[in-house]
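*Asks:* Here it is: the structure, laid out below.
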């Protein structure tokens, strides 16, 4: 699908975009041939409601239950829209691949603070980027391993799952290296899969289900399960149901993450100052509606709650499909889910590579990574940097039963901190915020305030223990990881970077 009707209009738009990019301090290096629909499609594919809901469905069922999942989805998607609005407004003013770290520099009150805010924001975004890819692709590996157990004698082990995980990352890296010209077509197929495909999947499930749960079950049932499998009481007993409800929104918040991809792809998008912010906002809104529909269809179609939670295959969504369609039908539909998740991981790596390319261009990471391959028109070095870092972050799953949940929390917090810092800076120093075509007007500051408060809340929530009892195997390592990132970012700034890093 093309945004422009003829090549002349496209050329004129590209010339205008290149001029705007030059005003922001950069020359055009990446090929600018993405339309609004493509820009939207990348963020829509990375949010990928079927990925987040499927991979964390068990967590949702056992941490608050259906009531927390449905109400939490409404709350999270509504408040995340405020974050998206704040980001869209800033993206419109500064449409560059750097995204949040560039915004932080441009909105800061002076050059010294600009460099500091850019450095801190950049490193949180950097880690959040490949952590999201870890969560997505490791989740895909788990889904493949689980599906392989339905027929046959395949026995998943941490080592086998890591092997599948590595193969998936390599496939994503190869497409982003050699197939950058077909990414647009894969983008189109991904949009269809994540909209029409997911819609058809959800309708098929709820239509074929022999029985349905009542509305009270879907919207009000609270459940605090034994995630660790130790027989110990959950946090509702040790703390309170409110605590469980708060940590239970991880499923929803992790899912609606990664929409900064529209900003990172802005240097490849025509009419970027308008298309990129629209891509940010529409990807959140569309994902919120499709995700809620999918969630409702799955919850209404649960045949037996206890057997779904304690599924023999270890995957509640697959168990729902098995109960309704039998083995053959479940395999077909679950394969569709896996294909969607693969697309999600593919475009997550695309977004990672663009952010890292830009960060290298501004000396945040070694300049070695600032290179676009002339033949393939791809930042190949950052593609494989992102894939390598994502693989390393997945390795702790070999020894910890909650490593995947920790990776998703790190992804959520890392990205949202990087989203929140420029929004907060713009709120505190409004005089430096020169608006672009997408302008919230009088609503700009109230929206920014709500966005910052919500980001602060989820940052605290996702650092709290989510499995009881707390042991070395079940500890939520998210605050440790966030602390390491913060220590690295602040430590390197005061020890070295403040002397040479000037920011964008």
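Since every read-out is calculated from the coordinates, none of them should be taken as a lab result. All figures in this text were calculated on a predicted structure; none of them were measured in a lab. Reconstructed Cβ throughout: ideal geometry from the backbone, glycine too, with neighbour counts over all protein chains shown.
*Asks:* Rg over Rh of segment 293-438, using C-alpha atoms and the Kirkwood radius, what does it come to? Spell out each step's value before the answer.
*Replies:* Details: Rg = 21.2 Å, Rh = 19.4 Å.
Checking Rg against Rh, the ratio lands at 1.09.
*Asks:* Just report the Cα centroid separation between segment 73-151 and segment 254-327, whole Å.
*Replies:* Their Cα centres are 17 Å away from one another.
*Asks:* Turning to a different aspect of this structure: Using only Cα atoms, find the angle between the long axis of helix 7-23 and the longest principal axis of the chain, and express it within 0 to 90 degrees, rounded to the nearest 10.
*Replies:* 80 degrees
*Asks:* Here is a follow-up. What full-extension length gain, to one decimal in nm, is calculated for residue 449 and residue 339 as 0.36 nm per residue of separation minus the Cα-Cα distance? Kindly include the intermediate steps, with their values, before the conclusion.
*Replies:* Numbers: separation 110, 0.36 × 110 = 39.60 nm, distance 3.81 nm.
35.8 nm is the gain from fully extending residue 449 to residue 339.
*Asks:* If each residue of separation counts as 0.36 nm, what is the full-extension length gain between residue 470 and residue 490 once their alpha-carbon separation is subtracted?
*Replies:* Details: separation 20, 0.36 × 20 = 7.20 nm, distance 2.92 nm.
Fully extending the segment from residue 470 to residue 490 adds 4.3 nm.
*Asks:* Fewest Cβ neighbours within 10 Å first, please rank 419, 223, 59 accordingly.
*Replies:* 223, 59, 419
*Asks:* Can you tell me, using C-alpha contacts under 8 Å and at least 6 residues apart, the relative contact order of segment 326-389 as a whole percent? Mind showing how you got there, number by number?
*Replies:* Working: 48 pairs, mean separation 17.5, N = 64.
Result for segment 326-389 is 27 percent.
*Asks:* Treat each spin label as a single point 7 Å out from the Cα along the C-beta direction, and report the residue 189 to residue 242 distance in nm.
*Replies:* Rounded to a tenth, the inter-label distance reads 5.0 nm.
*Asks:* Over segment 38-500, what relative contact order in percent results from Cα pairs under 8 Å that are six or more residues apart?
*Replies:* On the way: 802 pairs, mean separation 161.0, N = 463.
Across segment 38-500, relative contact order equals 35 percent.
*Asks:* Further question on the same structure: Please find the FRET efficiency linking residue 170 to residue 377, where r is the Cβ-Cβ separation and R0 is fixed at 30 Å, and quote it to the nearest 0.05.
*Replies:* Numbers: r = 21 Å, r/R0 = 0.69.
FRET efficiency, residue 170 to residue 377: 0.90.
*Asks:* Something else: Between rounded, prolate and oblate, where does segment 447-504 land on the alpha carbon gyration tensor, with a ≥ b ≥ c its root eigenvalues, rounded for a/c under 1.5, else prolate if a/b exceeds b/c?
*Replies:* Verdict is oblate for segment 447-504.
*Asks:* So if R0 is 56 Å, what FRET efficiency would residue 112 and residue 395 give, r being the distance between their Cβ atoms, rounded to the nearest 0.05?
*Replies:* 0.90
*Asks:* Here's a follow-up. Kindly put 91, 335, 96, 255 in sequence by how many other C-beta atoms sit within 10 Å of each C-beta, fewest to most. Could the numbers behind the result be given before it?
*Replies:* Numbers: 91 32, 335 13, 96 26, 255 29.
Least to most surrounded, the residues fall as 335, 96, 255, 91.
*Asks:* Return one number: the angle in degrees, 0 to 90 and rounded to the nearest 10, between the long axis of the Cα atoms of helix 111-147 and the longest principal axis of the Cα atoms of the chain.
*Replies:* Computed tilt is about 30 degrees.
*Asks:* Counting other beta carbons within 10 Å of each residue's own, what order do 397, 351 fall into, fewest first?
*Replies:* 397, 351
*Asks:* Still on this structure, please answer the following. Stretched out fully, how many nm does the piece from residue 303 to residue 440 gain, at 0.36 nm a residue minus the Cα gap?
*Replies:* 44.7 nm
*Asks:* Something else now. Determine the calculated [θ] at 222 nm for the chain from helices alone, applying -39500 (n - 2.57) to every DSSP H run no shorter than 4 residues and normalising by the residue count; nearest 500 deg cm²/dmol.
*Replies:* Value at 222 nm, helices only: -22000 deg cm²/dmol.
*Asks:* Using alpha-carbon pairs under 8 Å, 6+ residues apart, how would you state the relative contact order of segment 274-381 in percent?
*Replies:* Averaging sequence separation for qualifying contacts and normalising by length gives 11 percent for segment 274-381.
*Asks:* So for the pair residue 222, residue 181, with labels modelled 7 Å out along Cα→Cβ, what separation do we get in nm?
*Replies:* According to this spin-label approximation, the distance is 5.9 nm.
*Asks:* Classify segment 112-255 as rounded, prolate or oblate, taking a ≥ b ≥ c as the square roots of the eigenvalues of its Cα gyration tensor: rounded when a/c is under 1.5, otherwise prolate if a/b is larger than b/c and oblate if not.
*Replies:* oblate
*Asks:* Now, a different point. Can you check how the C-alpha radius of gyration of segment 369-504 compares to 2.2 N^0.38 Å, as a plain ratio?
*Replies:* Its radius of gyration relative to the 2.2 N^0.38 Å reference: 1.33.
*Asks:* Another one. If one takes the longest principal axis of the Cα atoms in the chain, at what angle in degrees, from 0 to 90 and to the nearest 10, does the Cα axis of helix 272-300 lie?
*Replies:* 0 degrees
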